[in-house]
């Protein structure tokens, strides 16, 4: 599995997103993904499936050292003492001694960012996670996070697909050596029926969804598509054996402008 490096973290470019997956279905998909060659599993406290993800990892038989595990702290747990307690609970559910990457799931303007980041850095220093990051952070919040954090921030996990222009956030992260992890990389299924992506895919013997994923990983972004179908796991993996041309990349990039979805990333909640 190809990886990208950011501040010492080697993150597999393809991961399995587990949002809305629970119970036996979740555990089975995690197990099958790892057996097929996935080495990156993404979960979160709010998904209420960390226990199931842990079961899938153990059932796969893949060594823990070979699996990159990400979980996310929910915004209701951003007060320093609550953050540490919630991380310990996540590890108990996952039955792991640590995770590879721990993220702040969403900004919480009710709690000073400096306090939350201080607590996040402490749980890293105490060995509960190997790396830290953020999710859904704007340009302003990225700048603040870099200022407040005493540990390297390795990723910003954001919604990213061909219909959404996140160029300002991406540029801010790049300035600080922060990688981008794309959730909803197939735009909740929309990419799968896109005529432009399908036409480009036919030229490579690929599906429209595979083209959407390839478009992102070819730019060095991590993608974590979620699927509830085992057969889709293999399809999502088959994105590393072809390359989009510069013309095709530009054509796909134009889909975001056509959709009109340019995020106003200048907005940021208040912090002290």
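The values are calculated or read from the model by the stated rules, or taken from the named source; none is laboratory data. What you see is a predicted model, and the numbers here were worked out from it, not measured in a lab. Positions of Cβ are generated from backbone atoms using ideal geometry, with glycine treated the same way; all protein chains shown enter the neighbour counts.
Quick look at the values:
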read-out	value
Selection count where residues are at positive phi and in contact (Cβ under 8 Å) with a residue 60 or more places away in the chain, scope the range 55-83	0
Residue 196 being part of a helix (DSSP H, G or I), modelled with pLDDT of 95 or more and farther than 19 Å from residue 13 by Cβ	yes
Residues of the range 177-191 satisfying the condition of being surrounded by fewer than 16 Cβ atoms within 10 Å (Cβ to Cβ) and either at negative phi or in a loop (DSSP other than H, G, I, E, B) (or both)	177
Test: residue in the range 3-18 that is over 23 Å from residue 154 (Cβ atoms) and either within 17 Å of the chain's Cα centre (by Cα) or in contact (Cβ under 8 Å) with a residue 40 or more places away in the chain (or both)	no
The range 42-74: number of residues that are assigned to a helix (DSSP H, G or I), crowded, with 19+ Cβ neighbours inside 10 Å and either in contact with a strand residue (DSSP E or B) (Cβ under 8 Å, 6 or more places away or on another chain) or modelled with pLDDT under 95 (or both)	5
Flag if residue 171 is in contact with a helix residue (DSSP H, G or I) (Cβ under 9 Å, 6 or more places away or on another chain), modelled with pLDDT of 95 or more, farther than 19 Å from residue 15 by Cα and part of a helix (DSSP H, G or I)	yes
Qualifying position, being surrounded by 23 or more Cβ atoms within 10 Å (Cβ to Cβ), touching a strand residue (DSSP E or B) at 6+ places or on another chain (Cβ under 9 Å), touching a residue at least 40 places away in the same chain (Cβ under 8 Å) and part of a helix (DSSP H, G or I), among 90, 86	90
Residue that is in a loop (DSSP other than H, G, I, E, B), under 19 Å from residue 237 (Cβ atoms), in contact (Cβ under 8 Å) with a residue 24 or more places away in the chain and in contact with a strand residue (DSSP E or B) (Cβ under 6 Å, 6 or more places away or on another chain), where the choices are 220, 205	220
Selected residue (only one of 96, 103 is in a loop (DSSP other than H, G, I, E, B) and within 17 Å of residue 40 (Cβ to Cβ))	96
Residue within the range 31-41 that is assigned to a helix (DSSP H, G or I), surrounded by fewer than 16 Cβ atoms within 10 Å (Cβ to Cβ), in contact with a helix residue (DSSP H, G or I) (Cβ under 8 Å, 6 or more places away or on another chain) and on the phi < 0 side of the Ramachandran plot present	yes
Residues that are in contact with a strand residue (DSSP E or B) (Cβ under 7 Å, 6 or more places away or on another chain) and touching a residue at least 40 places away in the same chain (Cβ under 8 Å), drawn from the range 30-41	33, 38, 40
